[in-house]
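Okay, structure first, notes after.
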Amino acid sequence: MMTRSQQGRPNRLTRPSIAIAAAVAVTAGVVAAAPDAKTAAPAGPKLSLIAASKSVTLDSWKDDPGVYLDLGTYLTSEKGAFELKVTRKSYKDPVVAKQIIRNGKKTTTKTLPAGLVKDFAGLPGFMTVDVTDAAGKSVLKKTESFCPNNASGRVRPDAPANSKYPQSCPSNPFTLGSVWGVENGWAANTFAGYYSAPVQLPAGKYTAKVSVTKKYRDLFGIANKPQSVKVVVRERSWEEGEGVSASAAPSSAKSAHGAHAGHSAAADPAPSAHDAHAGHGAPARTDAPAAATTGAGPTFNVGHGPYPPAPPALPWALKKQAAEKQAAGKDAFGAQGFSAARVGDRAGQTDGSRQAPGVQPNAKRPTGKATVPNVPKPDLRSLPAYGITVSDGYEDVPGKDYLAFSANVWNAGPAKLVVDGFRSPGKKLMDAYQYFYDAKGKQVGYTPTGTMEWDPRPGHEHWHFTDFASYRLLKADKKETVRSGKEAFCLANTDAVDYTVKNANWHPSNTDLSTACGQENSISVREVLDVGSGDTYTQALPGQSFDITNLPNGTYYIQVLANPENRLKETNHKNNSALRKVVLGGKKGARTVKVPAHHLVNAN
């Protein structure tokens, strides 16, 4: 759950990790490696573990100790894309992972061993990292998971310019389906970014040996070829300003904090390279605003998930330029290093630091007769509540007990939800319209669907579509006892809930509120919930969470209800409600909550 500092209150940025993934500069000849002599390579792409650099320098900050093991190792895929489809039929059923193997027009599937993959966060126990000190003594050994969708880049110039796969692996506990993949001719960073816990290593010199575990080598025909990387751990102090130029550091912090608090850092359609880089988790990193619910892309908005994804893999050209600056006696991380290089996708460079532009509403308010044509429509569904905890009223409402939680409404398709808001001059509310499209994407109809309102509260400051969802606390007999004050929402594709449904968009737009929900002076706004994606809101503030101060102990249900007034046109209105059982206990001022497992999902 969010801390108080993450609820629109002043929030100090954490110290920068400057987690810079080593660049992928590998020729096809370097990538080539033979499988184990005793292991016949199965049908499918050729996978290899590589190290983009022989040495890396990692930082440990004095007041925030810990080192992120971004060692610059990658898994490459050649002779085809490495693709996995991960699903579960329901929350009563286990997760099933299948490899999709495409050979020309022929497609085959290979089901991974039962129980190997238990959730949607990646392949568990995929690799081991052994770290020895300068004397050769083992100081750290750990096993790590691997998300094939991690920040990635091309390993050869004739590889596809863009990867078709999503940018991260979802970790919402109620995810239903996901697609993981490494594009043909690409490499995926094995470092899990901020999902990977930092390790404790004193300043000094080390050697890290990275290996793919045997079960995955056998499963995918990967050569037993560990990668060795020299590691220098240096202790840093933010106050010293080392490694970040005096001009760059305040700019980075300001940019990241502004995106977190005001949702405006990404509003500029053409941000500078330095600001764009800072806003995506490096060099400055903010506290995550909510539970780790990623899947759709990075966002820094109060009340919404998710954490930033793994930091982007910086392109070879950028790494090389920094090295050349450093060799010339200049600060590789200062204004003449990073800030002089461009970060982003363009010809010859793919670095994973994408940020979706804001979608634009129609130029004018719709005219003519409103119609609801017989074309595909969205299907809004609710996920059970999670991230459930008891909090007090802070300094805002002292002496109160609140039940806080996270909730998600997602779109199962087959059509995306598109809502435009238009404001008449001088009016406070926008008139909202839902749009409909035929199979070719042509707009063929619209209907009025309520209003949008401006939310001026710190941490919001964007336009909310009214009556999108409702949250209610039900008694054991499932009759309403408390209703949340939160009824209006800005729609953003924060979570990849099921990318295996028909027409799921693996690269949705408006993945963060700064691009999705407009400014106070906006005359019109377009908000979209794409197929396969959902929007997580964390209800933690008084007025949003449930006031349980005077409720008796016992069993209750949190109801998440999508489209409560049926204002939006859907394919199915009968699947809009989800319930999550909770048991309240304790005494006033010290209330407790127990959250039983929801079938096989044991996450509070």
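Yes/no per residue for (1) within 28 Å of the chain's Cα centre (by Cα); (2) closer than 18 Å to residue 51 by Cβ; (3) of a type outside the set (A, V, I, L, M):
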site	(1), (2), (3)
160	yes, no, yes
182	yes, yes, no
189	yes, yes, yes
198	yes, no, yes
209	no, yes, yes
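Here the range 105-131 is the region considered, the condition is being of a type in the set (Lys, Arg) and out of contact with any Lys or Arg (no Cβ under 7 Å at 6 or more places or on another chain), and the residue that is least open to solvent (accessible area, probe 1.4 Å) is 106.
Give the range 132-151 a look and list any residue that's polar (S, T, N, Q) and open to solvent by 20 Å² or more (accessible area, probe 1.4 Å), or say none.
Within the range 132-151, 132, 138, 143, 145 qualify.
Inspection of the range 558-566 identifies at least one residue that is assigned to a loop (DSSP other than H, G, I, E, B), open to solvent by 20 Å² or more (accessible area, probe 1.4 Å) and on the phi > 0 side of the Ramachandran plot.
At least 3 residues being in contact with a Gly (Cβ under 9 Å, 6 or more places away or on another chain) is the threshold, and among the strands (runs of 3 or more DSSP E) wholly inside the range 59-153 those reaching it are 73-78, 82-87, 96-103, 138-146. Let me confirm something: among 115, 185, which residue is at positive phi and in contact (Cβ under 8 Å) with a residue 24 or more places away in the chain? Every option except 185 fails the conditions. May I ask you to verify whether residue 178 is part of a strand (DSSP E or B) and touching a Cys at 6+ places or on another chain (Cβ under 8 Å)? Judged against the criteria, residue 178 is a match. With the structure loaded, tell me whether residue 594 is without any contact (Cβ under 8 Å) to a residue 24 or more places away in the chain, open to solvent by 20 Å² or more (accessible area, probe 1.4 Å) and in contact with a strand residue (DSSP E or B) (Cβ under 6 Å, 6 or more places away or on another chain) or whether it fails that test. Spelling it out, residue 594 is indeed without any contact (Cβ under 8 Å) to a residue 24 or more places away in the chain, open to solvent by 20 Å² or more (accessible area, probe 1.4 Å) and in contact with a strand residue (DSSP E or B) (Cβ under 6 Å, 6 or more places away or on another chain). Taking each residue of the range 214-239 that is under 17 Å from residue 76 (Cβ atoms) and looking for partners that are of a type in the set (Asp, Glu) with beta-carbon atoms closer than 6 Å, six or more apart or interchain, yields 224/36. Quick one: would you say residue 432 is farther than 30 Å from residue 598 by Cα and open to solvent by less than 20 Å² (accessible area, probe 1.4 Å)? Here the answer is yes, as residue 432 does meet what is asked. Among the residues of the range 377-392, the one identified as modelled with pLDDT under 95 and open to solvent by 60 Å² or more (accessible area, probe 1.4 Å) is 392.
Which of (1) in contact (Cβ under 8 Å) with a residue 60 or more places away in the chain; (2) aliphatic (A, V, I, L, M); (3) more than 30 Å from residue 596 (Cβ to Cβ) does residue 390 not meet, given it meets every other one? It is condition (3) that residue 390 fails. Is one or more of the residues making up the range 393-407 open to solvent by 10 Å² or more (accessible area, probe 1.4 Å) and modelled with pLDDT of 90 or more? So far as the range 393-407 goes, yes, one or more of its residues are open to solvent by 10 Å² or more (accessible area, probe 1.4 Å) and modelled with pLDDT of 90 or more.
Considering only residues that are surrounded by 15 or more Cβ atoms within 10 Å (Cβ to Cβ) and not aliphatic (A, V, I, L, M), which ones fall in the range 78-97? Scanning the range 78-97 gives 78, 80, 82, 83, 85, 87, 88, 91.
Of everything in the range 530-586 that is charged (D, E, K, R) and free of Cβ contacts under 8 Å to residues at least 60 places away in the same chain, the residue that is nearest to residue 468 (Cα to Cα) is 574. Among the residues making up the range 136-182, a single one is free of Cβ contacts under 8 Å to residues at least 40 places away in the same chain and of a type in the set (A, V, I, L, M): 159.
Look at residue 483 and say whether it is open to solvent by 10 Å² or more (accessible area, probe 1.4 Å), within 28 Å of residue 363 (Cβ to Cβ) and touching a strand residue (DSSP E or B) at 6+ places or on another chain (Cβ under 9 Å).
Answer is no for this residue.
Here is a list: 333, 338. Which entry is of a type outside the set (D, E, K, R), at pLDDT below 90 and within 29 Å of residue 182 (Cα to Cα)?
338
Once the range 181-223 is narrowed to residues that are polar (S, T, N, Q) and part of a strand (DSSP E or B), the residue that is surrounded by the most Cβ atoms within 10 Å (Cβ to Cβ) is 189. Quick check, is residue 53 open to solvent by less than 50 Å² (accessible area, probe 1.4 Å), part of a helix (DSSP H, G or I) and at pLDDT below 90? No: the conditions fail for residue 53. Candidates 514, 509, 522: the one that is assigned to a loop (DSSP other than H, G, I, E, B), out of contact with any Pro (no Cβ under 8 Å at 6 or more places or on another chain), modelled with pLDDT under 90 and of a type in the set (Ser, Thr, Tyr) is 522.
Taking the residues in the range 458-470 that are assigned to a strand (DSSP E or B) and at pLDDT 80 or above as candidates, determine which candidate is most open to solvent (accessible area, probe 1.4 Å).
466
Can you report the number of residues in the range 471-488 which are among the acidic types (Asp, Glu) and at pLDDT 85 or above? Result for the range 471-488: 1.
Scanning the range 576-604 for residues being at pLDDT below 95, outside any strand (DSSP E or B) and over 25 Å from the mean Cα position of the chain (by Cα) gives a total of 2.
The values are calculated or read from the model by the stated rules, or taken from the named source; none is laboratory data. Remember, it's a predicted structure, so these values are computed and weren't measured experimentally. Cβ: placed from backbone, ideal geometry, glycine included. Neighbour counts: every protein chain shown. Just so you know, the surface numbers come from the protein's heavy atoms only, side chains and all, with ligands and any DNA or RNA stripped out. Shrake-Rupley method; radii C 1.70, N 1.55, O 1.52, S 1.80 Å.
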